[in-house]
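To start, the structure itself, in structure tokens.
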Amino acid sequence: MAIEGTRRPSWAEIDLMALRHNVTTLRHLVAPSQLCGVVKANGYGHGALFAARALLDAGVAGLAVAIVDEGVELRDGGITEPILLLAEAPAESLVDALEAKLTLTVGSLEGAHAAVTAAQTVGGHSPVHIKVDTGMHRMGVVLDDLGAVLDVLHASPNIVIEGMYSHFAVADSDLDEDRDYCEAQMARFDKAIAIAAAKGINPPLTHLANSAAAIALPAARRSMVRVGLAAYGYLPHPSMESLLAEQGMRLRPALSLHARVTAIRQLDAGDRPSYGRRRALPEAATVATVPFGYADGYPRRFFDAGAEVLINGVRHPLAGSVTMDQLVVDCVGGEVRVGDEVILLGTQGDQTISADEWAAWGGTITWEILCGIGARVPRISRH
């Protein structure tokens, strides 16, 4: 069981109003398509239950997770709305999934047979969505096998083919060649729908668009779209900001990271704080210790990238290597005291440090930054 550091002055604040605002904005954008709120990976680092409840309050039609355990966590937390598993679960987990009223993904002929067996064991009528591989080449039924999969599922009295979906590989790109690839994926998906229709199977839920496609590719919006990153207030590509702005819309990041200064050192020019004595202070400075480290999701490589934190509305650079549990911050030119609030991610005064900026420091993507926030960082909701 993950332990939250509730006796330690560092925490994440989740702005529930921002989550609701984002969902409302996206609902207006994609109407009449429904929204499926993706809350896998602990709600993209925001806390799965916080995120799920806020997204449902704002009108998503259902939720999606990656693994059975994530769905069970939501059920244990009182969530009763539809929850889709976005991957084909192992055969040995299917009965548990169906008993928790999770909606299965079927992504192979073997998976179809396993789903039928599990549904027969549980009894009743279990909804499933068929995942079609239209070009992501990660998982899903290839078109040549789709007819056989449909036959297996349709023959079972315990299975309801509720949905069919796929996933884009490059919807978060504005390159012409990638747009062409998205068009090819849509064409393959339409072929999959036609194969099902020829057998008299017309799933009421069809979904292809992720956050990027929901915003930038209106043709990809089917009866439902899946929103992950955008629901949490970030855009998959900078060009999408103008697409929203043209319609008077913008998203609001929902997560901020906070800590308090726990110690102060007055150090001389040339002193080298932290492991490895990596950097000599260029001048005498106040160096503050902040209880947040790489075990909490603040990568060690941020020191070399020139990362900064906010204290009293002023940006301050790191004074030395990021350690497992703590940072040291060069506060030269600023008046800093023990107990002062530190913003690692978020806004203080007229300064903002965003997850996109963290991603630039880390040479990675915003998704990885948000999902990398450690389990021991307590999530606190703000209404």
Worksheet entry | Intensity falloff of segment 68-128 expressed as log10 I(q)/I(0), Debye formula with alpha-carbon point scatterers, at q = 0.13, 0.14, 0.16, 0.28 Å⁻¹ | -0.28, -0.33, -0.43, -1.25
Worksheet item: What angle do you read, to the nearest 10 degrees and between 0 and 90, between the alpha-carbon axis of helix 48-57 and the longest principal axis of the chain?
Response: 60
Worksheet item: For the residues I365, I380, what sequence is obtained by ranking on other C-beta atoms within 10 Å, fewest first?
Response: I380, I365
Worksheet entry | Segment E241-K191, extension gain: residue separation times 0.36 nm, minus the distance between their alpha carbons | 14.8 nm
Worksheet item: Cβ under 15 Å from L98's Cβ, L98 left aside: what net charge do those residues give with Lys, Arg +1 and Asp, Glu -1?
Response: -4
Discussion item. Please report the spacing between the Cα centers of segment 307-383 and segment 54-118 in Å, no decimals.
Written reply: 35
Worksheet item: Taking segment 16-245 as the region of interest, what is the percent of Cα-Cα pairs per 5 angstrom bin, listed from the shortest bin to the one with the maximum distance?
Response: 1, 7, 15, 19, 19, 17, 12, 7, 2, 0, 0
Worksheet item: What ranking do T364, T206, T323 get, fewest neighbouring Cβ atoms within 10 angstrom at the top?
Response: T364, T323, T206
Discussion item. Restricting to bridges with both residues inside the chain, how much of the DSSP beta-bridge set is antiparallel, in percent to the nearest 5?
Written reply: 50
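Can you sort D69, D133, D178 by how many other beta carbons sit within 10 Å, fewest first?
Values: D69 12, D133 21, D178 15.
Fewest-to-most Cβ neighbours within 10 Å comes out as D69, D178, D133.
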Worksheet item: Can you list the HN-Hα couplings for segment 315-322, worked out from phi with the Karplus curve (6.51, -1.76, 1.60; θ = phi - 60°), rounded to whole Hz and with x for Gly and Pro?
Response: 6, 10, x, 5, 9, x, 4, 5
Item to complete: Taking the Cα centre of segment 58-144 as origin, sum charge times position over the Cβ atoms of Lys and Arg (+1) and Asp and Glu (-1), and report the length of that vector in debye to the nearest 20.
Response: 240
Response to the item:
Any residue on another chain or 5+ positions along whose placed amide H is under 5 Å from the amide H of L345 is listed here as L257
Worksheet entry | Residue (of A245, L102, L229) at the positive-pole extreme of segment 16-245, dipole from beta-carbon charges | A245
Discussion item. What whole-number volume per residue, in cubic angstrom, does the convex hull of the C-alpha atoms of segment 255-353 give?
Written reply: 86
Response to the item:
segment 1-34 and segment 215-281 have their Cα centres apart by a whole-number Å value of 13
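How high is the FRET efficiency between D176 and A61 when r is their beta carbon distance and R₀ equals 41 Å, given to the nearest 0.05? Mind showing how you got there, number by number?
Numbers: r = 33 Å, r/R0 = 0.81.
Computed FRET efficiency for D176 and A61: 0.80.
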Worksheet item: Considering only L56, A18, G77, whose Cα is most displaced toward the positive end of the charge dipole of segment 1-100, charges sitting on Cβ of Lys, Arg (+1) and Asp, Glu (-1)?
Response: A18
Discussion item. Can you return the lysines within cross-link range of K101? Criterion is Cα-Cα under 26 Å, with same-chain partners fewer than 8 residues away left out.
Written reply: K40, K131
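Kindly provide the helix-only [θ] at 222 nm of the chain, computed as the sum of -39,500 (n - 2.57) over DSSP H runs of four or more divided by all residues, to the nearest 500 deg cm²/dmol?
Helix-only estimate at 222 nm: -9000 deg cm²/dmol.
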Response to the item:
For segment 183-198, in residue order, the Karplus 3J(HN,Hα) values (coefficients 6.51, -1.76, 1.60; θ = phi - 60°; whole Hz; Gly and Pro = x) are 4, 5, 5, 4, 5, 5, 5, 4, 5, 4, 4, 5, 4, 5, 4, 5
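In the neighborhood of A209, defined by Cβ-to-Cβ distances under 12 Å, what is the net charge if each Lys or Arg adds +1 and each Asp or Glu adds -1?
Values: positive: R221, R222, R226; negative: D172.
Result for the local shell: +2.
Provide the convex hull volume over Cα atoms per residue for segment 195-301, in Å³.
Values: hull volume 22.3 nm³, N = 107.
Here the figure is 208 Å³ per residue.
Coordinate-derived values only; no laboratory data. Source: prediction; values computed, not measured. Reconstructed Cβ throughout: ideal geometry from the backbone, glycine too, with neighbour counts over all protein chains shown.
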